[in-house]
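Shown next, in structure tokens, is the structure this report addresses.
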Amino acid sequence: MRVLLTGASGFLGRHVLDSLRRQGIETVMLGRRRATDSDFADFIEADLLSTQDPAEWIRQARASHLLHLAWFAEHGEYWTSPLNQRWVEATTCLVDAFCVGGGQQVVVAGTCAEYDWAEGNCREEGTALNPATVYGKAKDAARRLAMDVCARHQLPCAWGRVFIPFGAGENVQRLIPSLIAAFRGTRAAFGVNARAYRDFLHASDVAAGFLALLQSGASGAYNISSGQPVQLCDLVCELARLLEADPRPVLELAAERPGEPPLLVGENLKLKALGWAPALSLEQGLSQTLRDARP
């Protein structure tokens, strides 16, 4: 197996790259810049949003498997950015070139935002796909097109819908890094939707999920999720306990937020059937994140 990896320098990409390295899997990165700690991997400099034909990149890579993680992910902007549409086109062109170039397996990163969040408990085969955001709609469109391309070339295509990852390298403005900063006194306390339930999964387990899809030759949509709903007030209290901090300044500001679903959790039975299971509990994942984020 030789894996062509996009998005290696991103939050999840760094964890995927580490998993590939630890398993001794030949890897070639495709992107605008080389990821850190990636001396074991080859690198092809490329702008996936350019008009360049990706066929030459595929020829240079000589990869058997494609793991496509790259997408516009600027915090607070990606939900509505017009760049989402350009990534639909770039994803489709890359997958098509990979199929034409003799690739054997395609795995692409999707999102829980493709689902209708009103249903709360998301199952690959039963929950409606009714994305409410530009980002979710673009990802769903990319999935349909990528799978159509792969079906035409008779290649397996697995689509991994990621729920709420956390861990080293996460944007500091996201929930868990923001809570850590609040409890360490480096930012003001803020309120959360304390009664809501969410599905958190450490980024190393997300990476392992993508590798399970690659190594199994899977095809179809798979949730990459913990399968365990966690109430946000419990998350706040657990982080505060680990940091020996008082959770009350955050919990006293807690309030329901209009438009946010009370429950968002992904069933992960399909992925587990491939032999995958989370290695870290929520407590273990938070502890690891705190060790990685020591000031």
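The table that follows gives values for the structure above.
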| read-out | value |
| --- | --- |
| Complete set of residues in the range 63-103 that are under 18 Å from residue 148 (Cα atoms) and among the acidic types (Asp, Glu) | 89, 96 |
| All positions within the range 1-16 that are over 19 Å from the mean Cα position of the chain (by Cα) and either assigned to a loop (DSSP other than H, G, I, E, B) or crowded, with 21+ Cβ neighbours inside 10 Å (or both) | 1 |
| Only listed residue being assigned to a helix (DSSP H, G or I) and either assigned by TED's automatic domain parsing to the domain that holds residue 151 or acidic (Asp, Glu) (or both), chosen from 81, 50, 19 | 19 |
| Selection count, the range 266-295, where residues are touching a Gly at 6+ places or on another chain (Cβ under 7 Å) and under 22 Å from residue 117 (Cα atoms) | 4 |
| Answer residue from the range 31-63, given it is crowded, with 16+ Cβ neighbours inside 10 Å and touching a residue at least 40 places away in the same chain (Cβ under 8 Å) and is farthest from residue 99 (Cα to Cα) among those | 48 |
| Answer from 95, 107 - the residue that is of a type outside the set (S, T, N, Q) and not in a helix (DSSP H, G or I) | 107 |
| Out of 253, 239, 213, sole residue that is in the same structural domain as residue 160 (by TED's automatic domain parsing) and either in a loop (DSSP other than H, G, I, E, B) or under 29 Å from residue 160 (Cβ atoms) (or both) | 213 |
| Residue 94 crowded, with 17+ Cβ neighbours inside 10 Å, modelled with pLDDT of 95 or more and not assigned by TED's automatic domain parsing to the domain that holds residue 232 | yes |
| Complete set of residues in the range 14-46 that are modelled with pLDDT under 95, in contact with a helix residue (DSSP H, G or I) (Cβ under 7 Å, 6 or more places away or on another chain) and under 23 Å from residue 166 (Cβ atoms) | 35, 38 |
| The range 275-295: number of residues that are assigned to a loop (DSSP other than H, G, I, E, B), surrounded by fewer than 16 Cβ atoms within 10 Å (Cβ to Cβ) and of a type outside the set (Lys, Arg) | 5 |
| Among (1) touching a residue at least 40 places away in the same chain (Cβ under 8 Å); (2) among the basic types (Lys, Arg); (3) part of a loop (DSSP other than H, G, I, E, B) - the single one residue 270 does not satisfy | (3) |
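The values are calculated or read from the model by the stated rules, or taken from the named source; none is laboratory data. It should be emphasised that the depicted structure is a prediction, and the values quoted were computed from it without experimental measurement. So basically every Cβ, Gly included, is an ideal-geometry build from the backbone, and we count neighbours across all protein chains shown.
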